[in-house]
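To keep things clear, I will list the structure first and then write my remarks on it.
Bear in mind that the values in this text are calculations on the coordinates, not laboratory data. Keep in mind the model is a prediction, meaning the values are calculated, not measured. Quick reminder, even Gly has a Cβ in these numbers, built from the backbone with ideal geometry, and neighbours come from all protein chains shown.
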Amino acid sequence: MTSKGKLGFLISERHFPLWGIGGSVVGLVFILGAQVPYSGRYGEPFSMLNHFVSELGELGVSEFALMFNSGMIIAGLIFIPFMIGLGLYMDNIVSKIAGAVGVFSALSIFLVGIYPMNYLAEHSMAAMSFFFSGMIMVGLWTIAILLQKQAKIHKGFSLGGVINFVIFFLFLYGPWDSVEDLSTRPDIWMVPTLEWGIYFAIVGYLFALSVFVWNKEKRVSGTQNV
């Protein structure tokens, strides 16, 4: 099999959904699992209501930082063939642009794992690249789903895209208070709470899309083999 043939195999309609499922599962297990033993720099337990996602990857603070960072690296890489495959699967110009933006977003996730919070400048650039590209990506997926001539993806998934876009937008542009001293962080802080909202919304959205396409193509394959 040529390199071109191998790439086609990886992003084929029967295989690219598996990358999306795998990336979602890795993202859930490695990130949520890193919370369990967490004890912050002030001895506080981890809370999604006032701790940022990336605090789980801070070396020297988070007990399972290596687990978290490894999960970001692996998930970022796994999502690349999924993004390419989904863009080609819907087969319109917007979906292909969305796929390209999705690859950039996946690479940003990868870099968040490479550069944890200890490397603040690099980490911040990677994280903000993900937030902005992620917002653009879900907006483009929403448009691409609605523009399908042949509805390969149920148009109801456009609602999930809208929900994701709104959460990204609120996180990036909402009038939220900043906290200078993390030792006095409030019990409920909207910025990290919304960041966790992004995490669950985007992972849930990509997982649902992946399972939908996988089930659909599995049924089609079964019908063809009868």
Gyration tensor verdict on the range 13-110 (Cα atoms; rounded if a/c is under 1.5, prolate if a/b is larger than b/c, oblate otherwise): prolate
For the range 61-106: relative contact order, % (alpha-carbon pairs under 8 angstrom, 6 or more apart): 37 percent
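Relative contact order, percent, of the range 131-226 when contacts are C-alpha pairs under 8 Å separated by at least 6 residues? List each step's numbers first, then the result.
On the way: 55 pairs, mean separation 27.0, N = 96.
Once normalised by length, the contact order is 28 percent.
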For the range 50-72 and the range 81-142, distance of Cα centres in Å: 20 Å
Cα gyration tensor shape for the range 71-132, rounded if a/c is under 1.5, else prolate or oblate: oblate
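How would the range 69-183 be classified by its alpha-carbon gyration tensor: rounded, prolate or oblate, with rounded meaning a/c under 1.5 and the a/b versus b/c comparison settling the rest?
Values: a/c = 3.02, a/b = 1.58, b/c = 1.92.
Oblate.
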Candidate values (i) 33, 19, 15; (ii) 23, 21, 18; (iii) 48, 20, 15, label of the one derived for semi-axes √(5λ) of the Cα gyration tensor in Å: (i)
Straight-distance crosslink candidates among aspartates and glutamates, where the alpha carbon sits under 13 Å from residue 149 and sequence neighbours closer than 8 are dropped: 91
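Below 8 Å, C-alpha to C-alpha, sequence gap of six or more: please give me the relative contact order for the chain in percent.
Numbers: 328 pairs, mean separation 55.5, N = 226.
Averaging sequence separation for qualifying contacts and normalising by length gives 25 percent for the chain.
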Peptides 150-157, 58-65, 73-80 ordered by average Cβ neighbours within 10 Å, highest first: 73-80, 58-65, 150-157
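What does the charge count near residue 48 come to, summing +1 for each Lys or Arg and -1 for each Asp or Glu among other residues with Cβ under 15 Å from its Cβ? Working shown, then result.
On the way: positive: 185; negative: 44, 55, 187, 195.
The answer is -3.
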Among 193-202, 29-38, the order from most to least packed when residues are scored by Cβ within 10 Å on average: 193-202, 29-38
Viscosity 1.567 mPa s, temperature 4 °C, Stokes-Einstein D of the range 175-223 from Kirkwood C-alpha radius, µm²/s: 93 µm²/s
